[in-house]
Every structure is written in structure tokens, then in C-alpha cells.
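Read-outs throughout are calculated quantities, based only on the coordinates presented, and are distinct from any laboratory measurement. Here the structure is a predicted model, which is why all the values come from computation and not from measurement. Please note: Cβ atoms are built from the backbone with ideal geometry, for glycine as well, and neighbour counts cover all protein chains shown.
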Amino acid sequence: MASIQKRGNRWFARYRDTTGRGYGQRFDRKVDAQRWLDEQTAALVTGQYVDPRAGRVLFRQYAETWRAAQVHRASSAAHVETMLRRHAYPAFGDRPIGTIRPSEIQAWVKGSPLAPSTVHVLHGVVSAIFRAAVRDRIIPASPCEQTKLPRKIRRQVVPLSVEAVTALASAVSPRYRALVVLAAGTGLRQGEAFGLTQDRVNFLKRCLTVDRQLIGQENGRPRFGPPKTAASVRTVPLPDVVAEALAEHLRVFGTGPEGLLFVDDDGLPLLRPRFSRFVWRPAVAAAEAVPHGTGMHELRHFYASLIIRHGESVKTVQSRLGHATAAETLDTYSHLWPDADDTTRTAVDSVFKINPAADTARTKAAQ
């Protein structure tokens with residue numbers, strides 16, 4: 001039911017939604033009242049109607065409902081919660097979701113002190129929340145559409161030297177020495193290495209299985225989760241130097257709960273923040289050959305550079321590292337493969353054994 005009535009010098013337009021609830025608005029001109037009423041009626045007919053009162057829900061309240069419904073891995077869920085709590089809620093948490101404008105999102109993005117790549121991730125999370133609000137008919141459109149994001153600057157990977165990796169293995173506490181050798185010699189991600197258990201290491205076949213990662217602990221017991229992607233489930237060759245380091249580690253330190261190879265001094269599963277603060281950073285500071293700010297992920301880059309240098313193909317490197325696609329491998333490490341110009345020259349020279357000077361001499365002799 002819709003109607004337009006003149007009340008005094010103004011026009012009052014009114015309609016009822018699908019639940020029977022009435023809404024009205026006053027206008028100075030009848031044509032404006034009719035246009036507004038037509039828009040609301042069309043939205044009701046096409047199923048695009050948005051309750052004007054729905055947008056009063058606070059952004060934080062809706063975002064928390066959205067977050068609880070997501071099918072995220074534990075590590076991803078924790079990351080999303082942290083991003084929202086630290087960066088989105090201080091700006092928009094206490095605002096009605098329907099009042100947040102595109103210009104405010106743009107200003108928020110531009111004023112962020114975070115790295116461009118982090119801004120992209122953060123905006124992606126917030127944008128997903130607004131898209132869900134549009135689907136739920138909470139708001140008519142997302143204020144994140146057409147936001148101009150800062151250009152991501154891809155830092156070219158510069159692998160650690162052998163001397164740097166050796167220095168790290170020497171500087172770290174003996175309890176974690178084999179962990180450094182493992183990461184540098186197999187390319188495992190930090191969570192995969194922290195979650196490695198004895199039953200996943202096959203010393204006889206000289207390989208190890210990666211099918212889970214450590215995501216936390218509960219009452220001193222490890223909490224495992226799936227690896228980063230489906231492609232991360234893999235079997236990795238076990239070099240002798242890594243096998244020997246692990247065997248010695250087991251002889252000296254044994255295993256932790258559920259067969260974990262690496263635990264802290266209290267026998268508890270390793271937690272990333274604590275490991276970084278009390279183990280990794282002091283080792284980096286003590287190892288003179290290691291650049292300041294080196295993270296444990298650099299050992300994965302070292303492994304990749306090592307097998308590339310020794311002639312492994314893109315597909316093999318992708319498989320060893322557990323990348324989802326070969327494109328991801330190339331995007332990260334393409335500059336480490338031998339220069340294409342040199343490869344072309346070598347290929348041609350290896351086939352054509354032509355000596356122009358000798359050919360000229362033979363021609364003259366024949367004449």
C-alpha cells in the first residue's frame with residue numbers, strides 16, 4: 001500500500017514493506033515524493049528492498065556475527081579477528097553500518113600506516129563484511145566498492161647465504177638447532193615445522209610427510225590444523241644433513257606430546273610469538289652474518305634458491321614448497337632461475353659446432 005498526501009505546504013509519501021511495517025517521508029515537491037515512492041515500490045517488487053532501519057546495527061556487532069559464521073582455518077580466523085580488532089573497529093566499530101560512506105573508507109585506507117600488502121588484506125576483510133551486509137539487505141550498497149588501494153610493492157627475494165644459515169644454526173639454542181637445519185633443508189613453513197611429529201619422518205625412505213601444521217596448544221597438548229592450502233599436503237625428500245640433525249635431536253631431547261619433534265624448555269608445543277621473541281630474534285642478533293630483521297621464513301627462501309640453483313624445474317620447486325600454483329612459484333622466485341639469454345646462448349652453442357675461421361681457411365684451400 002502506497003500513498004501521497006499533502007499536509008500543509010509539504011507532500012507526505014508513505015508505503016508498507018512486506019512485513020506490513022509502514023514508512024514515510026516528507027518532501028517539498030510532489031514530484032520528489034513520487035520519485036521516492038516509485039523507487040521503494042520497485043525495490044519491493046524486484047526483491048532489492050532494504051529496510052531503512054536495518055542499517056542501524058553497529059559495524060562491530062554485524063562484523064562479529066559475520067566472523068562467527070565464516071568457515072576459516074584456525075590460523076585464518078585468528079588473523080581476521082586481530083585485523084578487525086586492531087585496525088577496523090577503532091575506526092568504524094561503534095558506527096551504524098548504514099552510515100559508513102565510501103569517502104570515509106577511502107580516507108581510512110589512505111591514512112593507514114600499514115604496509116600496502118597489509119592494507120590490501122585488511123580492506124579485503126572489511127569489504128567482505130559489507131558485501132555480506134548487502135546480501136542480507138542490511139545496506140543497499142557496499143562503501144568499499146571502487147576504493148583506490150595503495151600499490152603493492154613486491155620485495156624481491158634475496159636468499160640468505162650458506163654462511164648466514166650456518167651462523168643461525170650455531171647461534172640458536174641447541175634445542176632448536178635441528179629446527180633451523182630442517183627449515184633450511186626442506187623448505188617447511190614455520191607451522192609445518194613446529195607441528196612435525198616423529199611418525200611423519202621416514203628415515204628409511206629418506207622423506208617426510210607434510211599433512212598438517214601446528215596452530216596452537218590447549219592444556220599443553222598440540223592443536224593441529226590443515227596446511228595452508230590443499231597443495232601444501234606433500235612428501236618432501238629428506239637430505240642426509242637434515243636426517244642426521246633430526247636423529248641427533250631425538251637422541252638428545254626425545255619427543256614432546258603426541259610425538260612432537262620440537263617443544264620449548266617446558267616441554268610444551270612451540271608458539272610463534274614466544275618462539276620469535278625468546279629464540280629466533282636473539283639468534284639473529286647474535287649471528288653477525290645474518291641481516292637484521294631476518295625472519296624464519298627466510299630459511300624457506302634459502303631452500304628454494306638452493307634447489308633452483310641445482311637445476312630443479314618450476315613444477316618441482318612448486319611441489320617441494322607446496323605452492324598452490326606454478327604462477328605463485330614464478331612470482332616469488334623467477335629471478336633466481338638462470339638468465340634466459342645465457343641459457344639460449346648455451347643451447348645454441350652446444351648444438352652448432354661451427355668455426356667460421358676454419359671454414360674460411362678450408363674454402364681458400366679448395367680454391
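Summary value for the stretch 56-135: 43 percent relative contact order, contacts being C-alpha pairs under 8 angstrom separated by 6+ residues. Magnitude of the charge dipole for the chain, about its Cα centre and with charges confined to Cβ atoms of Lys, Arg (+1) and Asp, Glu (-1), is about 1820 debye.
Summed over qualifying helices (DSSP H, 4 residues or more, each -39500 (n - 2.57)) and divided by its residue number, the chain shows a 222 nm mean residue ellipticity of -14000 deg cm²/dmol. Near Arg223, the amide H atoms lying under 5 Å from its own belong to Ile215, Gly216, Gln217, Glu218; only residues 5 or more places off or on other chains count, and H is placed 1.01 Å from N.
What percent do you get for the relative contact order of the chain when only Cα pairs under 8 Å and 6+ apart count? RCO, the chain: 13 percent. Per residue, the average separation of C-alpha pairs within less than 8 Å and at least 6 apart gives the stretch 162-336 a relative contact order of 29 percent. Longest stretch of the chain clear of exposed loop sites (chymotrypsin sites (Phe, Trp or Tyr not before Pro), DSSP loop, at most 14 other Cβ atoms within 10 Å, sites excluded): 1-202. Pick out, from Gln5, Tyr303, Ala184, the residue whose Cα sits farthest towards the positive end of the charge dipole of the chain, with +1 on the Cβ of Lys and Arg and -1 on the Cβ of Asp and Glu. Of the candidates, Gln5 comes out farthest on the positive side. Could you tell me how many degrees, from 0 to 90 and to the nearest 10, lie between the Cα long axis of helix 74-83 and the main elongation axis, the longest principal axis, of the Cα atoms of the chain? With both axes taken from Cα atoms, the answer is about 60 degrees. Entry for the chain at q = 0.08, 0.11, 0.12 Å⁻¹: log10 I(q)/I(0) = -0.63, -0.91, -1.01, Debye formula applied to identical alpha-carbon scatterers, no solvent contribution. Give me the angle, in degrees from 0 to 90, between the Cα long axis of helix 356-366 and the longest principal axis of the Cα atoms of the chain, rounded to the nearest 10. Relative to the chain, helix 356-366 is tipped by roughly 60 degrees.
Helix 240-253 axis versus longest C-alpha principal axis of the chain: approximately 80°, rounded to the nearest ten. Along the stretch 56-73 the Karplus relation, 6.51 cos²θ - 1.76 cosθ + 1.60 evaluated at θ = phi - 60°, assigns HN-Hα couplings of 7, 4, 5, 4, 4, 5, 5, 4, 5, 5, 4, 4, 5, 8, 7, 8, 10, 5 Hz to successive residues, with x for each Gly and Pro.
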